[in-house]
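Where a number appears in this text, it was derived from the coordinates with a stated rule and is not lab data. All values reported here derive from a predicted model rather than from experimental measurement. Positions of Cβ are generated from backbone atoms using ideal geometry, with glycine treated the same way; all protein chains shown enter the neighbour counts.
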Amino acid sequence: MPIALIRHALFAPKRPRRHLPAPTELKRSYDVVIVGGGGHGLAAAYYLARYHGIRRVAVLEKGYLASGNTARNTAVVRANYVTPGSVRFYAESVKLFENLSAELDFNILFSQRGQLTLAHTDAAMRGFRLRAEVNRRCGVESVMIGSGEIAKLVPTLNLVPAERYPVLGGLWHPPGGIVRHDAVAWGYARRAAERGVEIHQRTEVTAVHVDNGRVVAVQTNRGRVACGAVVQAVAGSSSLVAALAGLRLPIVTYPLQAMVTQPLKPFVDPLVSSPQFHVYISQTPRGDVVIGGGSDPYPLYGTRATLDLKESLIQHTIELFPCLAGAKLLRQWAGIADMTPDYSPIMGKTEVAGYYLDAGWGTWGFKATPICGKAMAELVATNETPGLIGAFGVDRFRTFRLVNEMGATAASH
Amino acid sequence: MKLIPCPLNGLRNVNEFAYGGDVLEMPATSASDDAWIDYIFTRENKAGLVREWWFHIPTSYWFILERDTVTDTVIRSYPADQVFSRRIDFPPRRES
Ligand SMILES: Cc1cc2nc3c(=O)[nH]c(=O)nc-3n(C[C@H](O)[C@H](O)[C@H](O)COP(=O)(O)OP(=O)(O)OC[C@H]3O[C@@H](n4cnc5c(N)ncnc54)[C@H](O)[C@@H]3O)c2cc1C
């Protein structure tokens, strides 16, 4: 055994350094209260403190830090959407991710191996050509590739032409990748806390006090907290918390399940997704194969597993990668996803002055964590909606200006 | 919720059914745009008891199901005519 290790065992300080400051009393008032201590809420807190000098900020989390969808997602980051507004928005997020380890001095392990979305039908090929073109015009790298190139990128993929749904081609998006999702939350939390943001776990918001059309306080299980502004970032609970402020949303909450295999030797480099089969996979740096798919067939506030969904994921994964037939599943889990009718998020002001929404992230919001946090912080600090998120206000449903991303979202994340 | 009691076919496996959304009262055709927008997009998204349209796929049968969205359990189901007993007549379409 190396001497250094023995010395460390004997003489290293016994107490590990605290990642976050010890919990404090909840103050009677803050400038900004952020409801929800997931990646989105923590990122907003960080950008408020770091770039806008707003430090009297409390993040209130009913469970423990990042115990919601931030901890449950499959960590796919990409920008190959179809409407120009979305493409530009998510591309900005990819850029922030590229620099996030340095920004936070915290390794988020962004691994940009590229994302490949498979087309099994002519309709999918046409849809992908449109996406490739829109992406190119927005400065995002996405190209159509044929099965020859696919075979080179993913030699283990089943490209047998006689399959029921043979692979006809694919949308290849080199900037796509995966991230160590927990680290994103921890990194933002740590750097926000260093700048004075208070993070209160096991603190549930149970009521929102609105006076004369303006939010003035929130009620929690630890008492009332007055505030100048509220950012709501509670993912699957969006409708329930918004209702506390008297807001009704175009959101329905569905479970989203995922699972992971035992670690295997590296056998696939890019992220591979098949909207036709409602399945996508990636192999983590540790070797596990993360398998995700579409949301459950009916709404629910629960994270139970269903055999139907797991069977479908497994069947289609093996159809794409026959070599995985013998792999063992290690874990499965679910989160609750806040789905909007157009598969785009809701960000911005509401009818209640000072009450800002960061919701409707459904099955695809992890990849937006940095840019959403940054934009929400700017919105709160200036009370002006940043241009980048202008199209995503909740009022779009009143004016029928929907941002339809269904085709570019469903089961490809 | 692994089995759903279908008023027509009895207890059947949940994967024989499709979810069809909340049972909502449709606004009058003369209602305001806001009322219609609400009807189309806004949802209670309740945690708890809900009343919904469900569809038994093999028999093309629509019915109403009450269930709990927190415990994932069925409360009861019944034919739609228990709620919708009146025929809805739409005014003839205006040519434009
Ligand atoms: C299985 C799965 C796979 C996914 N895969 C991807 C993917 O590959 N790529 C991608 O981009 N996105 C993906 N997503 C979506 C993504 O995870 C979410 O959109 C994103 O993490 C939302 O972040 P958040 O911080 O808003 O929410 P969360 O991390 O869920 O945080 C919200 C927090 O609010 C808290 N809260 C709720 N109510 C209250 C209250 N009343 N008071 C106080 N706190 C409250 C909750 O406890 C929770 O911690 C996936 C989701 C799931 C479930």
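Would you mind listing how long the protein assembly as shown runs along its three principal axes, going by Cα atoms, in whole Å with the largest first?
Computed over the protein assembly as shown, the largest-to-smallest principal extents equal 82, 65, 46 Å.
Between segment A:199-267 and segment B:1-44, what is the separation of their alpha carbon centroids in Å?
So the two Cα centres are separated by 26 Å.
What residues have an amide H closer than 5 Å to that of A:Tyr355, excluding those fewer than 5 places away on the same chain, when H is modeled at 1.01 Å from N in the peptide plane?
A:Val215, A:Val230, A:Thr350
Which of A:Lys95, A:Lys349, A:Lys62 ends up with the largest GNM mean-square fluctuation for chain A, with Cα atoms connected below 10 Å?
Most flexible of the set in this elastic network: A:Lys95.
Suppose every Lys and Arg Cβ carries +1 and every Asp and Glu Cβ carries -1, with no other charges. What dipole size does segment A:129-213 come out with about its Cα centre, to the nearest 20 debye? Show your work: numbers first, answer last.
On the way: 11 positive and 9 negative charges, 62 e Å.
Magnitude of the dipole: close to 300 debye.
Given the -39500 (n - 2.57) contribution per DSSP H run of 4+ residues, what per-residue ellipticity at 222 nm results for chain A, rounded to the nearest 500 deg cm²/dmol?
Details: 12 runs with 122 residues, N = 413.
Rounded to the nearest 500, the figure is -8500 deg cm²/dmol.
Which trypsin sites (Lys or Arg not before Pro) from segment A:275-313 combine a DSSP loop assignment with at most 14 other Cβ atoms within 10 Å?
Numbers: sites: A:Arg286, A:Arg304, A:Lys310; in loops: A:Arg286, A:Arg304.
Taking segment A:275-313 and a limit of 14 other Cβ atoms within 10 Å, the loop trypsin sites (Lys or Arg not before Pro) found are A:Arg286, A:Arg304.
Hey, what's the per residue convex hull volume over the C-alpha atoms of segment A:256-413, in cubic angstrom?
Residue-normalised Cα hull volume stands at 133 Å³.
Segment A:304-383: which chymotrypsin sites (Phe, Trp or Tyr not before Pro) are DSSP loop and have at most 13 other beta-carbon atoms within 10 angstrom?
Values: sites: A:Trp333, A:Tyr343, A:Tyr355, A:Tyr356, A:Trp361, A:Trp364, A:Phe366; in loops: A:Tyr343, A:Trp361, A:Trp364.
Hits after loop and neighbour filter: nothing returned.
What is the ratio of the Cα radius of gyration of segment A:49-169 to 2.2 N^0.38 Å, where N is its residue count, to two decimals? Could you put the intermediate results ahead of the total?
Values: Rg = 19.1 Å, N = 121, 2.2 N^0.38 = 13.6 Å.
The reported ratio for this selection is 1.40.
Using a Gaussian network model on chain A with a 10 Å cutoff between Cα atoms, which of A:Glu163, A:Glu92, A:Glu319 fluctuates the most?
Among A:Glu163, A:Glu92, A:Glu319, the largest GNM mean-square fluctuation belongs to A:Glu163.
Of A:Thr70, A:Gly294, B:Pro58, which is farthest along the charge dipole of the protein assembly as shown in the positive direction, counting Lys and Arg as +1 and Asp and Glu as -1 at C-beta?
After comparing all options, I get A:Thr70.
Tell me which of A:Val197, A:Val82, A:Pro270 sits at the most positive position along the dipole axis of chain A, charges placed on C-beta atoms (Lys, Arg +1; Asp, Glu -1).
A:Val197
Which loop GluC sites (Glu not before Pro) in segment B:1-46, with loop taken from DSSP, have no more than 12 other Cβ atoms within 10 angstrom of their Cβ?
Numbers: sites: B:Glu16, B:Glu25, B:Glu44; in loops: B:Glu25, B:Glu44.
Those satisfying the criteria are B:Glu25.
Please state the relative contact order of chain B as a whole percent: Cα pairs under 8 Å, 6+ residues apart? Each step should come with its number before you reach the end.
Numbers: 127 pairs, mean separation 24.6, N = 96.
Relative contact order here is 26 percent.
Could you give the size of the charge dipole of the protein assembly as shown about its Cα centre, using +1 on the Cβ of each K and R and -1 on the Cβ of each D and E, expressed in debye and rounded to the nearest 20? Let's see the in-between values first.
Numbers: 55 positive and 45 negative charges, 320 e Å.
The calculation lands at about 1540 debye.
Give me the dipole magnitude in Debye, nearest 20, for segment A:253-363 about the Cα centre, with unit charges on the beta carbon: positive for Lys and Arg, negative for Asp and Glu. Mind showing how you got there, number by number?
On the way: 7 positive and 10 negative charges, 92 e Å.
It comes to approximately 440 debye.
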